1. Points 7 angstrom from Cα along the Cβ direction at residue 142 and residue 223: gap in nanometres?
2. Over the chain, average the accessible area per residue using a 1.4 Å probe and give it in Å², no decimals.
3. Net charge around residue 91, counting only other residues with Cβ within less than 13 Å of its Cβ (Lys, Arg = +1; Asp, Glu = -1)?
4. Across 5 Å bins from the origin, how do the percents of Cα pairs in segment 1-157 run, short distances first?
5. Whole percent per 10 Å bin, from 0 to the bin with the longest distance: what is P(r) over all C-alpha pairs of the chain?
6. How large is Rg over Rh for segment 150-209, taking Rg from the Cα atoms and Rh as the Kirkwood inverse mean of 1/r across Cα pairs?
7. Dimensions of segment 1-68 along principal axes (Cα, Å, largest first)?
8. Can you give the three extents of the C-alpha atoms in segment 240-306 along their principal axes, from longest to shortest, in whole Å?
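The values are calculated or read from the model by the stated rules, or taken from the named source; none is laboratory data. Everything quoted here is computed from the prediction, not taken from an experiment. All Cβ positions, glycine included, derive from the backbone under ideal geometry; neighbour counts span all protein chains shown. Ligands, DNA and RNA are stripped out before the accessible areas are found, and what is left, the full protein with its side chains, is counted by its heavy atoms. Shrake-Rupley method; radii C 1.70, N 1.55, O 1.52, S 1.80 Å.
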Amino acid sequence: MGLTIGVDIGGTKIAAGVVDEEGSILDTHTVPTPPTPEGIVDAICAAVSEAGKGHQIEAVGIGAAGYVDDKRATVLFAPNIDWRHEPLKDKVEQRVGLPVVVENDANAAAWGEYRFGAGQGHEDVICITLGTGLGGGIIIGNKLRRGRFGVAAEFGHIRVVPDGLLCGCGSQGCWEQYASGRALVRYARQRAAATPENAEVLLSLGDGTPEGVQGKHVSEAARAGDPVAIDSFRELARWAGAGLADLASLFDPSAFIVGGGVSDEGELVLDPIRKSFRRWLIGGSYRPHAQVLAAQLGNKAGLVGAADLARQG
């Protein structure tokens, strides 16, 4: 199969891209994300049609946040869109006249990294995305493992602290409450309130109050050497690395790939993640250690992965 289109549904925009067999994006088209479920279907179809102009497209892959059924056709539940058992595959196929595959967006990103990014050369890879929340994907034996019902790898909602912080999913103590962009901001605000003398750079980037600190401020302040910002990254990394150690006990991969917006800070966050991983890996003195690698494709991973999964059929 030749060219396929990958679609990434974001909170503010929907991107469609024409992708070749080498994972290169040849053309893209973006549209604003509409506020209604039906409007989003319309926007997906419009983006696909525009991106595909002048190309011979064989299939379409859509990365959607939420639970996707085992047939890769229906979005069972989407946290940020009012989709409940939404037959997305059928709706889009009828409109664009091409075969459509629907995949969880984190799975699509994991597949993109495995095929064309940091996972190349590995057969067994676990990906985590440290963004607003925490997502993941499982590739074992060169195959994307989705579970019997299609909803595996929801790593962010593994409970790591019994009766811990309330999560948006309704549970308590979920991993993403301790290792995510939201967690990073919470750590920074708490530390800035407790020791403002150690957060001068951080506070100066916002409105001067701990409540005004945003994620971009923490990153910029950490790069400038702000003690509170650096310590906040280390706290996030401690939780992320400990979680990877648990996943190593479950899956024993050769590599973990860390993506998402938080990972854009590179070694500032990856080095302490690796140290925490080694600290909490059971039997770590006697067993091989998986590599902990930075994702390479950035925010294009989901689009490229969705397109390639559509090619796989």
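1. 4.0
2. Numbers: 14040 Å² over 313 residues.
Dividing the accessible area of the chain by its residue count gives 45 Å².
3. Numbers: positive: 89, 95; negative: 38, 42, 86, 90, 93.
Local net charge: -3.
4. Percent of Cα pairs in each bin: 2, 9, 19, 23, 22, 17, 8, 2, 0.
5. 6, 27, 32, 23, 10, 1, 0
6. On the way: Rg = 14.9 Å, Rh = 13.1 Å.
Result: Rg/Rh = 1.14.
7. Extents along the principal axes: 33, 25, 16 Å.
8. Projected onto the principal axes, the Cα atoms of segment 240-306 cover 38, 26, 15 Å.
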